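The values are calculated or read from the model by the stated rules, or taken from the named source; none is laboratory data. Computed from a predicted model, the values in this text were never measured in an experiment. Quick reminder, even Gly has a Cβ in these numbers, built from the backbone with ideal geometry, and neighbours come from all protein chains shown. Only protein heavy atoms, including side chains, enter the accessible area calculation; ligands, DNA and RNA are left aside. Shrake-Rupley method; radii C 1.70, N 1.55, O 1.52, S 1.80 Å.
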Amino acid sequence: MTGAVLLVLVASTYAFASRLPRSVARRLGRAGARIARLVLRADARRASINLERLPAESRPSVSQVFEHLGLCAADACTMPRSAEELARLVTVEGEGRWQQRLQARRGTVWVSGHLGHWELPAAWATAQGVRVVALVAPIHYRGLDRWVRRLRLRHGIVALRPDIGG
C-alpha cells in the first residue's frame, strides 16, 4: 500500500470515527488493526524484528502490537479537548509531585518509552497549561507523519523529530 493511499484511508477513518462514541470507535480500531496487520506486511515484519529485541517472557505478539495501535488510533479520534473531559480519561499517579513540579515553574523532563497512548496524558497536561514538547520517531510514511504531527499540535503537543530538527 502506498503512503498516499494509507494517508487518505487514515484521514477518512479519522473523520468518520471522530463522530462515534469512544466505545464504538475502539471496536472499529480493533477491527481496523486486524486488517492493517494483513495489508501492511512490511510494517508487520518491521514490528516482528523490533519485538525480537524484547525479553521473550514480556514480548507481545505482532497482532497484539497492531491491536494496541488500533486502540490508540481510536482514542486519538475521540480524544476530547477540554481539561474536564481529559481528566476523566487520565489517572495521575503522584499528583502531589506533579503539583510540586508545576509550582516550581522550572520545567520538567518526562522520559518514557512508547508505552501506550502517550498523546492522551500529554494532551491532558497541555489542558492543564503545561507546554509539552515530545521527541518522536518518524512514521515510515511521510504524509502520514505530517498529518499525525498536525493532529498532535491540535491538542497542544509539539512533536519534534530529531532527524529533521522538528
field: Exposure ranking of 119, 57, 52 by accessible area [1.4 Å probe, largest first]
entry: 57, 52, 119
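Using the heavy atoms of the protein chains and a 1.4 angstrom probe, tell me the accessible area per residue for the chain in square angstrom. Walk me through the intermediate numbers first.
On the way: 11030 Å² over 166 residues.
It amounts to 66 Å² per residue over the chain.
Tell me, what is the FRET efficiency for residue 20 and residue 103 to the nearest 0.05, using R0 = 35 angstrom and their Cβ-Cβ distance as r? Kindly include the intermediate steps, with their values, before the conclusion.
Working: r = 39 Å, r/R0 = 1.11.
E between residue 20 and residue 103, to the nearest 0.05, is 0.35.
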message: Less than 19 Å from a label point 7 Å out along the Cα-to-Cβ axis of residue 93: which backbone N atoms in the range 58-80 qualify, by residue?
response: 58-59
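Can you tell me how much longer the chain between residue 64 and residue 135 gets when fully stretched, taken as 0.36 nm per residue apart minus their C-alpha distance, in nm with one decimal?
Extending this stretch completely gives an extra 23.1 nm.
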field: Area accessible to solvent at residue 18, 1.4 Å probe radius, in Å²
entry: 50 Å²
message: Can you sort 16, 66 by solvent-accessible area, 1.4 Å probe, largest first?
response: 16, 66
Net charge, residue 102 excluded, C-beta distance under 15 Å - Lys, Arg +1, Asp, Glu -1: +4
query: What is the helix-to-structure angle for 142-154, meaning the angle in degrees between its Cα long axis and the longest Cα principal axis of the chain, kept from 0 to 90 and rounded to the nearest 10?
result: 30 degrees
task: Using Cα centres only, tell me the gap between the range 5-26 and the range 73-118 in whole Å.
output: 23 Å
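Can you pull the percent of the chain's accessible area that's carbon plus sulfur, 1.4 Å probe, other chains left in place? Let's see the in-between values first.
Values: 6250 of 11030 Å².
Carbon-and-sulfur percentage of accessible area, whole number: 57.
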- request: Using the Karplus curve 6.51 cos²θ - 1.76 cosθ + 1.60 with θ = phi - 60°, work out ³J(HN,Hα) for each residue of the range 125-133 in order, rounded to whole Hz, and write x for Gly and Pro.
  value: 4, 5, 5, 8, x, 8, 7, 10, 10
- prompt: Assigning unit charges at the beta carbon (Lys, Arg +1; Asp, Glu -1) and nothing else, what dipole magnitude in debye, to the nearest 20, does the chain show about its Cα centre?
  reply: 320 debye
- prompt: Here are several values of semi-axes √(5λ) of the Cα gyration tensor in Å: [x] 36, 20, 18; [y] 25, 19, 16; [z] 27, 19, 17. Which one was derived from the coordinates shown?
  reply: [z]
- request: Using a 1.4 Å probe and ignoring any ligands, DNA or RNA, find the accessible area of residue 155 and quote it in Å² to the nearest 10.
  value: 20 Å²
query: What does the accessible area of residue 13 come to, in Å² to the nearest 10, when a probe of 1.4 Å is used?
result: 60 Å²
